[in-house]
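*Asks:* Handing you this structure, nothing more for now.
The values are calculated or read from the model by the stated rules, or taken from the named source; none is laboratory data. Values in this document were obtained by computation on a predicted structure and should not be read as measured data. FYI the Cβ positions are ideal-geometry reconstructions off the backbone, even for glycines, and counts take in every protein chain you see. Keep in mind that these areas ignore ligands, DNA and RNA; they rest on the heavy atoms of the full protein, side chains included. Shrake-Rupley method; radii C 1.70, N 1.55, O 1.52, S 1.80 Å.
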Amino acid sequence: MSHQADEQAIVLDNIELTLGHGVSSVHVLKGISLVLPKAHSFGIVGPSGSGKSTLLMVLAGLEKVDSGSVTIHGERLDLMSEDQAAAFRGQHIGIVFQSFHLIPNMTALENVAVPLELAGRKDAFVVAEKELRAVGLGERLNHYPSQLSGGEQQRVAIARALAPSPKILIADEPTGNLDTATGQQIADLLFAKQRETGLTMVLVTHDPSLAARCDLEIPVRSGLIESEKMNASRQAVSA
């Protein structure tokens, strides 16, 4: 049993989450349970308002659940304080957002290096440069976000997410703000990095072609996982 637990990246057990209060409250996640093995890619799909982005925020420890347990690489995220969760995230979870979230008055190099510096890494700028070169931005180290295209900004965001060598990469609509060709390049980069580093990647996407590239699709509707649909695509990771 312990060997099996060693192979699990993410274990959600009966997650319940309501957002808002009183008459404006919304029951977003309704008893979600999920076991995701390490070193695979997972696509969370579903209509707008289904709870998929909230589910992603729960996995990142950015949203506290009302009940149920969230276990990431053997650690109970739901039992951590905000500070503990932030420290855990800084070490183990890389996050890529749809809107890049770069700091406008910092260069590409600084955007990637500063989180590493804050985590106490002495080699922050060396690692940052290496990651930026790895995503094809060796010539853009000293450019500011406003001097970069959307695709280049997302590459900076990916380099920033990967720089601490996380065990899990979480991406929320990573190609959502990009044109089709650029989105395809960013998708290629994400999947190449996932394979190269052996990390676990979980992404939320509206793009069926992006979801189809994942080892397993996780369909969410009205705060529930549609297990019949999920089981149909589970064969890829059943080994």
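*Asks:* Can you tell me the orientation of helix 124-134 relative to the chain, as the angle in degrees between its alpha-carbon axis and the longest Cα principal axis, to the nearest 10?
*Replies:* Once rounded, the angle reads 80 degrees.
*Asks:* Something else: Calculate for the chain the 222 nm mean residue ellipticity that helices alone would give, adding -39,500 (n - 2.57) per DSSP H run of length 4 or more and normalising by residue count, nearest 500 deg cm²/dmol. Write out the running numbers ahead of the final one.
*Replies:* Details: 9 runs with 88 residues, N = 239.
Mean residue ellipticity at 222 nm (helix-derived): -10500 deg cm²/dmol.
*Asks:* Please give the per residue accessible area of the chain, computed with a probe of 1.4 Å over protein heavy atoms only, in Å². Mind showing how you got there, number by number?
*Replies:* Values: 11570 Å² over 239 residues.
For the chain, the solvent-accessible area averages 48 Å² per residue.
*Asks:* Within 14 Å, Cβ to Cβ, of residue 176, how many net charges do the neighbouring residues add up to if Lys/Arg are +1 and Asp/Glu are -1? Mind dumping the intermediate values first?
*Replies:* Details: positive: 52; negative: 172, 173, 179, 207.
Computed value for this residue: -3.
*Asks:* Related question: Return one quarter of the surface area of the convex hull spanned by the alpha-carbon atoms of segment 1-148, equal to its mean projected area, in nm².
*Replies:* Numbers: hull surface 46.5 nm².
With the hull built on Cα positions only, its mean projection is 11.6 nm².
*Asks:* While we're on this one: Determine, for each peptide in 23-35, 97-109, the mean count of other beta carbons within 10 angstrom over its residues, then list the peptides with the highest first. Intermediate values should be presented prior to the final figure.
*Replies:* Working: 23-35: 14.9, 97-109: 16.8.
The most tightly packed comes first, giving 97-109, 23-35.
*Asks:* For the chain, give the share of DSSP beta bridges that are antiparallel, in percent and rounded to the nearest 5; count only bridges with both residues there. Before the final figure, lay out each step's value.
*Replies:* Numbers: 18 of 35 bridges.
Approximately 50 percent, going by the DSSP bridge assignments.
*Asks:* Using the per-residue mean of other Cβ atoms lying within 10 Å as a proxy for protection, in what order, highest first, do the peptides 36-47, 74-85, 133-144 fall? Display every interim value, and only then the final one.
*Replies:* On the way: 36-47: 20.2, 74-85: 14.0, 133-144: 15.9.
Sorting 36-47, 74-85, 133-144 by mean packing, highest first, produces 36-47, 133-144, 74-85.
*Asks:* Right, here's the next one. Can you bin every Cα-Cα distance in segment 97-180 into 5 Å intervals starting at zero and give me the percent of pairs per bin, rounded to whole numbers?
*Replies:* Distribution as computed: 3, 17, 29, 25, 19, 6, 1, 0 percent.
*Asks:* I want the local charge near residue 14. Using Cβ-Cβ distances under 12 Å, sum +1 for each Lys or Arg and -1 for each Asp or Glu among the other residues.
*Replies:* Values: positive: 30; negative: 13, 16, 66, 78.
Net local charge, residue 14 excluded: -3.
*Asks:* Putting +1 on Lys and Arg Cβ atoms and -1 on Asp and Glu Cβ atoms, find which of 225, 62, 190 reaches farthest to the positive end of the dipole of the chain.
*Replies:* After comparing all options, I get 190.
*Asks:* Now for a separate question. Seen from all sides and averaged, what is the projected area of the convex hull of the Cα atoms in segment 32-88, in nm²? Spell out each step's value before the answer.
*Replies:* On the way: hull surface 17.7 nm².
Averaging across all directions leaves 4.4 nm² for the Cα convex hull.
*Asks:* Enter the Cα centre distance for the pair segment 188-213 and segment 72-142, rounded to the nearest angstrom.
*Replies:* Segment 188-213 and segment 72-142 have Cα centres separated by 18 Å.
*Asks:* Using a 1.4 angstrom probe on heavy atoms only, work out the carbon and sulfur share of the accessible area of the chain in %. Walk me through the intermediate numbers first.
*Replies:* Details: 5850 of 11570 Å².
The nonpolar share, carbon plus sulfur, comes to 51 percent.
*Asks:* May I ask for the angle, rounded to the nearest 10°, between helix 180-197 and the longest principal axis of the chain, with both axes built from Cα atoms and the value confined to 0 to 90°?
*Replies:* Helix 180-197 sits roughly 80 degrees off the main axis of the chain.
*Asks:* A follow-up question, please. Across segment 81-239, what fraction of all alpha-carbon pairs, as a whole percent, falls in each successive 10 Å bin from zero upward?
*Replies:* In whole percents, the pair-distance histogram is 10, 38, 34, 15, 4.
*Asks:* Please list, in order along segment 198-208, the HN-Hα scalar couplings obtained from phi with the Karplus expression 6.51 cos²θ - 1.76 cosθ + 1.60 (θ = phi - 60°), rounded to whole Hz, x for Gly and Pro.
*Replies:* Values per residue, Gly and Pro as x: x, 7, 9, 10, 10, 10, 9, 8, 8, 8, x Hz.
*Asks:* Can you list the HN-Hα couplings for segment 219-227, worked out from phi with the Karplus curve (6.51, -1.76, 1.60; θ = phi - 60°), rounded to whole Hz and with x for Gly and Pro?
*Replies:* Working through the residues one at a time gives x, 10, 9, 6, x, 10, 8, 7, 5 Hz.
*Asks:* Against the longest alpha carbon principal axis of the chain, how many degrees, from 0 to 90 and to the nearest 10, is the axis of helix 108-118 turned?
*Replies:* So the helix axis and the longest Cα principal axis differ by about 60 degrees.
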